[in-house]
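Please treat every number below as a calculation from the coordinates, not as lab data. Just so we're clear, the structure is a prediction, and the values are computed from it rather than from any experiment. With ideal geometry, Cβ positions are generated from the backbone for all residues, glycine too; neighbour counts draw on all protein chains shown.
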Amino acid sequence: MKTIILTGASSGIGRRTAEKLVQNGEKVIGIGRNTKQLQAAEEEWKGYAGKFAAWTMDVGVTENAAKEMKKITGIYGSPDVLINNAGTGKFGELEQLCIEDWEQMIDTNVKGNIAITQALLPELKQTGGHIVFTGSTAGIIGTPKATVYAASKRAVLGFAEALRLETAGTGVRVSVLNTGPVKTDFHDRADPSGKYKRSVEQIALSPEKVAGQLVKLVERPKRTVFMPRWMKVLSTLYQLWPSAVEKIGRRQFHRK
């Protein structure tokens, strides 16, 4: 039984990932802001092979990270896996975003990942642990109306890549799952108009499928995985010929 700390466990990809892991017999400490949803999951999954423990915390409040992680490891022991899944977004042209919008994205998507990883890294080095980041192709191909969100996700990719090199030889493994759009309430929060959600409906992934891939990464660590797979091809082409990809994809990129 692995001990897994999972952020963003209240809903969406995180909740479905937690359930699959608990069904597989793992011990999951699910971190999220919605106490009611976390406790409901804890009660619902009591009959599963593993164990789910609800832990209410806002990962964006980074000054609490070290203290909260110390509490968790004191109760549940050192983690074998950390899944940095919590994330938030707000779509809109840069001039339309208020300071609170982009601060929340940076606090949750960037500072939260860094603070929790830093707090748990000594424990993960002891266990030869595994750190998984839920990334986004937005961190590779930035698009209009997602300037700050793209910046936050690019920061996650840079952090993961540097951390992989920094921890080489310690036994710690670092994985990133880069996804395209996913059918969760993330889009409802990011774009309340519903325009973006409608524009990506045909290509959006189900949260169950993404959760399944996260579980596979826990079981068989890989450096980087893209979902859907064609996103890897697009991302590679963008690195080689950015102007051509921007020109060809201009219409799709402006559909938010």
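Details
- Note on 80, 185: ascending count of other Cβ atoms within 10 Å places them as 185, 80, the fewest first.
- Exposure proxy ranking for 157, 165, 124, based on other Cβ atoms within 10 angstrom of each Cβ and starting from the fewest, stands as 165, 157, 124.
- Full-stretch length increase - residue 44, residue 247 - with 0.36 nm per residue and alpha-carbon distance subtracted: 68.2 nm
- Positive-end ranking of 236, 25, 1 along the dipole of the chain, with charges on Cβ about the Cα centre, is headed by 236.
- When the listed pairs 36/71; 20/51; 71/125; 71/153; 71/111 are checked against a 23 Å cut-off, the alpha-carbon distance exceeds it for 71/153.
- Subtracting the Cα-Cα distance of residue 66 and residue 36 from their residue separation scaled by 0.36 nm leaves 8.4 nm.
- Taking amide H as placed 1.01 Å from N in the peptide plane, the amide H of residue 179 sits under 5 Å from that of 135, 136, 137, 227, each at least 5 places away or on another chain.
- Amide H contacts of residue 130 (H built 1.01 Å from N, in plane; Pro and chain starts excluded): 81, 82, 173 sit under 5 Å, all sequence-distant by 5 or more or on other chains.
- The structure-derived value of semi-axes √(5λ) of the Cα gyration tensor in Å appears in the list [x] 29, 20, 18; [y] 33, 21, 17; [z] 25, 21, 18 under the label [x].
- Rounded to two decimals, the Cα-based Rg/Rh of segment 1-110, with Kirkwood Rh, is 1.03.
- Cα gyration tensor shape of segment 108-256, rounded if a/c is under 1.5, else prolate or oblate by comparing a/b with b/c: prolate
- Only the Cβ atoms of Lys and Arg (+1) and of Asp and Glu (-1) were treated as charged; on that basis the dipole of the chain about its Cα centre amounts to roughly 840 debye.
- Fewest-first sequence of 1, 69 by Cβ atoms within 10 Å of each Cβ: 1, 69
- Think of it as helices only: each DSSP H run of n ≥ 4 in the chain is worth -39500 (n - 2.57), and spread over all residues that comes to -14000 deg cm²/dmol at 222 nm.
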